[in-house]
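The values are calculated or read from the model by the stated rules, or taken from the named source; none is laboratory data. Owing to the predicted nature of the structure, the values given are computational and were not obtained by experimental measurement. Cβ atoms come from the backbone with ideal geometry, glycine included; neighbour counts cover every protein chain shown.
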Amino acid sequence: MCELCNSIKDEHRLIKETKYSFCIICKCPLRFWHLMVMPKRHVMQTNMNDLSLEESHDLMCLLNDIQKIVEDLSNESAIILKNNGKHMTQAHLHFHIFPSKWNLRQLVANYENLPERIDISYEKYIEMRDKIKQRIYEN
Ligand SMILES: [Zn+2]
């Protein structure tokens with residue numbers, strides 16, 4: 001059985017349950033107010049489009065509500081992240097939410113030791129756009 005499917009039973013971590021979603025305190029959190037929001041149904045992390053419209057809406061509403069609460073309690077702005085590919089440690093779709101002193105650009109730049117902004121040429125924008133569009137429309 002999936003650890004995240006089961007996590008809804010962990011009363012000491014369960015924050016809120018809606019019709020299709022729930023929010024729990026992350027196990028071994030990065031910091032205080034590190035929460036996770038996920039669908040109740042076991043939807044694969046790689047297949048967000050398996051969510052029904054009702055489930056998606058419910059999940060986004062819960063994320064929105066929890067974001068405001070995290071920000072109120074922490075006096076910082078919240079970051080919402082989802083692992084993908086080789087970074088996934090759980091198959092069950094879930095979003096991490098936690099307060100951060102930095103915005104997403106600063107957070108990633110600091111962590112990855114990258115500049116916060118790079119200049120790319122008009123041609124590179126076009127190249128990137130076309131490669132992504134090709135993938136979108138090739139099926
Ligand atoms: Zn699951």
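Summary table below
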| read-out | value |
| --- | --- |
| Among the candidates 101, 27, 16, residue that is at pLDDT 95 or above and either more than 14 Å from the chain's Cα centre (by Cα) or aliphatic (A, V, I, L, M) (or both) | 16 |
| Conditions (1) within 16 Å of the ligand (Cβ to nearest atom); (2) in a helix (DSSP H, G or I); (3) more than 28 Å from residue 108 (Cα to Cα); (4) not β-branched (Val, Ile, Thr): number failed by residue 42 | (2) |
| Total residues in the stretch 15-35, condition under 16 Å from residue 63 (Cβ atoms) and more than 12 Å from the ligand (Cβ to nearest atom) | 14 |
| Tabulated pairs, the stretch 1-12, first among the small types (Gly, Ala, Ser), second more than 12 Å from the ligand (Cβ to nearest atom), C-beta under 6 angstrom, 6+ apart or interchain | 7/24 |
| Selection status of residue 8, aliphatic (A, V, I, L, M), within 16 Å of the ligand (Cβ to nearest atom) and part of a helix (DSSP H, G or I) | yes |
| Given (1) within 16 Å of the ligand (Cβ to nearest atom); (2) more than 24 Å from residue 108 (Cβ to Cβ), number of the condition residue 89 does not satisfy | (2) |
| Selected residue (only one of 100, 74, 56, 121 is away from the ligand (no atom under 16 Å from the Cβ), touching a Leu at 6+ places or on another chain (Cβ under 8 Å) and more than 16 Å from residue 24 (Cβ to Cβ)) | 100 |
| The stretch 1-48, subset among the acidic types (Asp, Glu) and under 23 Å from residue 70 (Cα atoms), residue surrounded by the fewest Cβ atoms within 10 Å (Cβ to Cβ) | 11 |
| Where a residue in the stretch 56-68 is touching a residue at least 12 places away in the same chain (Cβ under 8 Å) and its partner, wherever it lies, is among the charged types (D, E, K, R), with Cβ under 8 Å and at least six apart | 58/19; 62/16; 65/16; 66/16 |
